[in-house]
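These notes concern the structure reproduced below.
The values are calculated or read from the model by the stated rules, or taken from the named source; none is laboratory data. These numbers come from a predicted model, not from an experiment. Every residue, glycine as well, gets a Cβ built from its backbone with ideal geometry; the counts of neighbours run over all protein chains shown.
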Amino acid sequence: MNRILLLLGLASLLLVEGCATQPQRVPGLVTTTPVTQDRDHATYNWQQRHAEVLARNHVVQPDIVIIGDSIIHYWGGEPNAPRVWAGAAWTNCFAGFKVTNLGFGWDRTENVLWRLDHGELDGIHPRVIIIKIGTNNTAVKNSPADIAAGIAAVCVTAHEKVPDAKILLLGLLPRRDEPPGHSATEPVNQLLQQHLGHVSWITYCDFGAAFRLPDGAVNPALYRDGVHVNADGYAILGAKIRPQLLALTQ
């Protein structure tokens, strides 16, 4: 699969209706152009964490790799983060598995692509790759289609690096800072469901409803701030992920 081919129509709604074309990496978009970042330097060193991941890959063969932003970075696991927000929920979710945490605070899709292009999946053979990325792209007003293109590019790159791994793609969690009735995440999730949900090597799950009240508003009791869930939120997230992992690793 040539990663520089277009995912047909992705820049303007992803796939041509009824087309069985597999997702490809779309060139020319901010969300699909690999680049480093230094937005969270007060908390951690991005390049140093990248080096720690590469070093870990030489000594640990993980069963599970989880790719993401600060929501994943500060959940728990290794390489160690400067803060851990929900270690118990991490342990409950991943009990029995060797896991490498590829969450990096403030990452967007384009930053994950740089990391994957520079070795973070090289030399390892995880059974499942979990991907949860894109909320920081909504914060800079990338369009839903461009964000979905970036997420698709991450999936494609991970699949090319570890073709035998199953990919568990998670929809964007609701943001507590979104205006009522104007979600920045739901349009992205709808595109992911519509256009990536059919791909044979992707299992797509949107757990967003578990973080909303019956009237559809975001449940503030599950959040520590405008975007990050708290320990109760992580417990829900982990409880949703675990049965998917068990099913994918049978």
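Restricting to region 120-143, and then to whatever is hydrophobic (A, V, I, L, M, F, W, C) and not in a loop (DSSP other than H, G, I, E, B), can you tell me which residue is farthest from the chain's Cα centre (by Cα)? Outline the logic, then answer.
As a first pass, look at region 120-143 and keep what is hydrophobic (A, V, I, L, M, F, W, C): 121, 124, 128-131, 133, 139-140.
Retained after the next criterion (residues that are not in a loop (DSSP other than H, G, I, E, B)): 128-131, 139.
On the way: Val128: 13, Ile129: 9, Ile130: 7, Ile131: 3, Ala139: 15 Å.
Checking each candidate, the answer is Ala139.
What number of residues within region 96-119 satisfy the criterion of being part of a loop (DSSP other than H, G, I, E, B), surrounded by fewer than 23 Cβ atoms within 10 Å (Cβ to Cβ) and touching a residue at least 12 places away in the same chain (Cβ under 8 Å)?
Total satisfying the criteria: 5.
Look through Ala158, Ala184, Ala145, Ala149 and report the one residue that is surrounded by 23 or more Cβ atoms within 10 Å (Cβ to Cβ), more than 21 Å from Glu52 (Cβ to Cβ) and in contact (Cβ under 8 Å) with a residue 40 or more places away in the chain.
Numbers: Ala158 fails: more than 21 Å from Glu52 (Cβ to Cβ); Ala184 fails: surrounded by 23 or more Cβ atoms within 10 Å (Cβ to Cβ); Ala145 fails: surrounded by 23 or more Cβ atoms within 10 Å (Cβ to Cβ).
Criteria check complete, one pass: Ala149.
Hey, any hits in region 215-230 for a residue that's out of contact with any Cys (no Cβ under 9 Å at 6 or more places or on another chain), buried (at least 20 other Cβ atoms within 10 Å of the Cβ), at pLDDT below 95 and farther than 20 Å from Asn92 by Cβ?
Checking region 215-230: not a single residue is out of contact with any Cys (no Cβ under 9 Å at 6 or more places or on another chain), buried (at least 20 other Cβ atoms within 10 Å of the Cβ), at pLDDT below 95 and farther than 20 Å from Asn92 by Cβ.
Spot the failing condition for Arg39; the list is (1) at pLDDT 95 or above; (2) within 19 Å of Ile131 (Cα to Cα), and only one is missed.
(2)
Go through (1) more than 18 Å from Gly68 (Cα to Cα); (2) in a helix (DSSP H, G or I); (3) β-branched (Val, Ile, Thr) one by one and return the number of the condition Thr157 breaks.
Here Thr157 clears every test but (1).
Only one of these conditions is not met by Arg242: (1) without any contact (Cβ under 8 Å) to a residue 12 or more places away in the chain; (2) assigned to a helix (DSSP H, G or I). Which number is it?
For Arg242, the failing item is (1).
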